[in-house]
Amino acid sequence: MDKISLGVSYYGNRIPWRVKEDLAAIRDAGCTYVVHTFSEEDHQFYQPAMEQIVADSHALGLDVWLD
């Protein structure tokens with residue numbers, strides 16, 4: 001049987017410890033992936049936070065899409 005994918009977008013929060021709590025809830029709700037937005041502002045000001053958020057997403061078993 002093929003794996004069913006279910007995902008959700010997540011944006012607007014760049015505080016890694018807080019995002020990690022939300023990511024755990026997303027995983028627990030049955031999602032297999034998360035879409036994180038990544039803007040020019042994120043690139044300029046929040047790149048380290050976004051790297052941590054993506055790493056935390058993977059650590060929780062979620063696939064990650066950046067948009």
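Inside the chain, counting only strands (runs of 3 or more DSSP E) that do not spill past its ends, which hold 1 or more residues that are open to solvent by 100 Å² or more (accessible area, probe 1.4 Å) and not small (Gly, Ala, Ser)?
Answer list for the chain: 63-66.
Consider segment 18-45. How many of its residues are aromatic (Phe, Trp, Tyr) and within 16 Å of ALA59 (Cβ to Cβ)?
Filtering segment 18-45 down to residues aromatic (Phe, Trp, Tyr) leaves 33, 38, 45.
From what is left, the residues that are within 16 Å of ALA59 (Cβ to Cβ) are 33.
Adding up the residues that qualify gives 1.
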Could you check, for segment 8-16, whether at least one of its residues is out of contact with any Pro (no Cβ under 9 Å at 6 or more places or on another chain), without any contact (Cβ under 8 Å) to a residue 12 or more places away in the chain and on the phi < 0 side of the Ramachandran plot?
-> yes
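The values are calculated or read from the model by the stated rules, or taken from the named source; none is laboratory data. Since we're looking at a predicted model, the values are computed, not measured. Quick reminder, even Gly has a Cβ in these numbers, built from the backbone with ideal geometry, and neighbours come from all protein chains shown. Note: areas computed on protein heavy atoms with side chains; ligands, DNA, RNA excluded. Shrake-Rupley method; radii C 1.70, N 1.55, O 1.52, S 1.80 Å.
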